[in-house]
Amino acid sequence: MAKETKVLESLRKFGVEPLENSSIVVQYAAPNLSEKVARFLIKSAPYYVLQICEEDLVLAPISWTGKVKEQQDPLKIPINTIQSVEVDQSGFDYQISIKLEDGNVDLLAQQKELSMFRQSGAVSVENFWGTKNWHSNNLDGTLKQLESLGAE
């Protein structure tokens, strides 16, 4: 169980200043249907915390306990390089497509309504009973913030 404050502390060690209540759990989107089926039946793709910071959008790998893997450097995308962000509902997930000058970063975020029963809830739960979950609490606001990036 990783409290959001611990996640933010870990991210600060990488030289970024996270904005409060703007972190969610994501994974890279599967490139095709075969990979989607394989992930569902056989393997799970790694999970990341997507954090909006003052100057960067940060994608940091997290463990099954929800702690940032500090031995791996996160992906830092300078906010001023983001051309647009599209968020679409896709089944039980949100598809997040971040358009950059040299390509897209496509991610999935699990919807908050079922996150208690899914991996995003398991890695972002803050108490034993599962009633406090930073992914669920931050999802709506973070998705709105993401959609506004690159719109200037």
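Segment Val37..Lys3, full-extension length gain: 9.1 nm, with 0.36 nm per residue of separation and the alpha-carbon distance subtracted.
May I ask you to list the lysines whose Cα is less than 25 Å away from that of Lys3, ignoring any residue fewer than eight positions away on the same chain? Within reach: Lys13, Lys67, Lys69, Lys76, Lys112, Lys132, Lys144. Separation of the range 1-37 from the range 85-114 is 13 Å, based on Cα centroids.
Among rounded, prolate and oblate, which fits the range 6-99 when a ≥ b ≥ c are the square roots of the eigenvalues of its C-alpha gyration tensor, a/c under 1.5 means rounded, and a/b larger than b/c means prolate? Oblate, because a/c is 1.5 or more while a/b does not exceed b/c.
The numbers here are math on the coordinates, done by the rules we state, and not lab data. Owing to the predicted nature of the structure, the values given are computational and were not obtained by experimental measurement.
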